[in-house]
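Input: one structure, supplied below.
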Amino acid sequence: MMDPITLSLKVAVIAVCIVFVFGLAIARFMARRDFMGKNLVESIIILPMVLPPTVLGYALLILLGKRGFIGELLMEQFGIQVVFTWWAAVLASAIVSFPLMYQSAKAAFASVDIFLEQAARTLGTGEIRIFLTITLPLAWPGVLAGLLLAFARALGEFGATLMVAGNIPGKTQTIPIAIYSAVESGDDELAKALVLTITLISFAALFFLNRWSKKKSEVWRRGGAAHADSRNI
């Protein structure tokens with residue numbers, strides 16, 4: 001029973017790390033820039049949220065399979081096979097959870113007062129420091145909400161993962177796939193135990209991270225106010 005739990009947590013954590021890095025960068029860019037074709041780009045970014053997971057799984061198979069463009073290139077150049085490995089589960093989880101992180105982070109960045117950033121620039125502050133000390137702290141509650149949603153989505157990903165990673169016990173069998181296999185084989189006790197486990201993990205993550213975010217938000221707000229006061233002195 002522990003193999004699917006350990007694997008699911010590993011897959012979800014790595015997927016969320018990927019989503020966090022790319023989600024922050026893309027959401028920040030899209031929240032502050034207007035360009036031709038922006039609606040088209042944004043529609044493509046959000047598309048995985050509305051497409052059936054099996055469609056995403058099939059698309060990944062086409063791209064990453066032995067005859068796929070990316071899969072064939074990785075195999076010929078580096079001897080790497082992604083399909084039917086736990087890395088395929090990570091990729092599937094990251095893709096399906098990315099729109100949730102992106103939407104929340106973009107809304108959070110859009111709510112940050114742009115004049116605060118401009119004021120910092122006039123004082124000679126660099127862009128990285130502005131982002132780390134002003135933009136991200138102010139947007140953090142929304143960013144964290146996106147992370148929580150992405151983690152929960154990655155932890156519960158089933159359809160795309162099953163198609164691109166398969167159902168290999170001890171190798172690619174995550175909790176949702178293990179539940180499906182247990183129900184299919186008539187092992188109700190295992191299915192119930194896994195359902196309870198994934199429910200408790202998701203609830204605990206949401207509960208404790210929400211409490212932490214509220215405390216951190218208060219600390220950052222006080223710190224931001226103190227920083228602004230020191231600039232005015």
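Does segment 164-176 hold any residues that are crowded, with 17+ Cβ neighbours inside 10 Å and out of contact with any helix residue (DSSP H, G or I) (no Cβ under 6 Å at 6 or more places or on another chain), and which are they?
P176
If only one of M75, M36 is surrounded by fewer than 13 Cβ atoms within 10 Å (Cβ to Cβ) and not β-branched (V, I, T), which one is it? Show your work before the answer.
Numbers: M75 fails: surrounded by fewer than 13 Cβ atoms within 10 Å (Cβ to Cβ).
From the options M75, M36, the qualifying one is M36.
So which residues in segment 143-163 are aliphatic (A, V, I, L, M), open to solvent by 10 Å² or more (accessible area, probe 1.4 Å) and closer than 24 Å to G65 by Cα, if there are any at all?
L162, M163, listed by residue number.
Has segment 7-19 got any residue that is outside any helix (DSSP H, G or I), open to solvent by 50 Å² or more (accessible area, probe 1.4 Å) and in contact (Cβ under 8 Å) with a residue 12 or more places away in the chain?
So in segment 7-19, the residues outside any helix (DSSP H, G or I) come out as none.
Within segment 7-19, not a single residue is outside any helix (DSSP H, G or I), open to solvent by 50 Å² or more (accessible area, probe 1.4 Å) and in contact (Cβ under 8 Å) with a residue 12 or more places away in the chain.
Each row is one residue, and each column tells you yes or no for (1) under 25 Å from A145 (Cα atoms); (2) assigned to a helix (DSSP H, G or I); (3) hydrophobic (A, V, I, L, M, F, W, C); (4) more than 23 Å from the chain's Cα centre (by Cα).
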| position | (1), (2), (3), (4) |
| --- | --- |
| G57 | no, yes, no, no |
| K66 | no, no, no, yes |
| I70 | no, yes, yes, no |
| E76 | no, yes, no, yes |
| V83 | no, no, yes, no |
| S93 | yes, yes, no, no |
| F98 | yes, yes, yes, no |
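Please determine whether any residue of segment 138-158 is modelled with pLDDT of 90 or more, aromatic (F, W, Y) and in a loop (DSSP other than H, G, I, E, B).
Yes - at least one qualifying residue is present in segment 138-158.
The values are calculated or read from the model by the stated rules, or taken from the named source; none is laboratory data. Source: prediction; values computed, not measured. Cβ: placed from backbone, ideal geometry, glycine included. Neighbour counts: every protein chain shown. Calculation scope for accessible area: heavy atoms of the full protein, side chains included, ligands and nucleic acids excluded. Shrake-Rupley method; radii C 1.70, N 1.55, O 1.52, S 1.80 Å.
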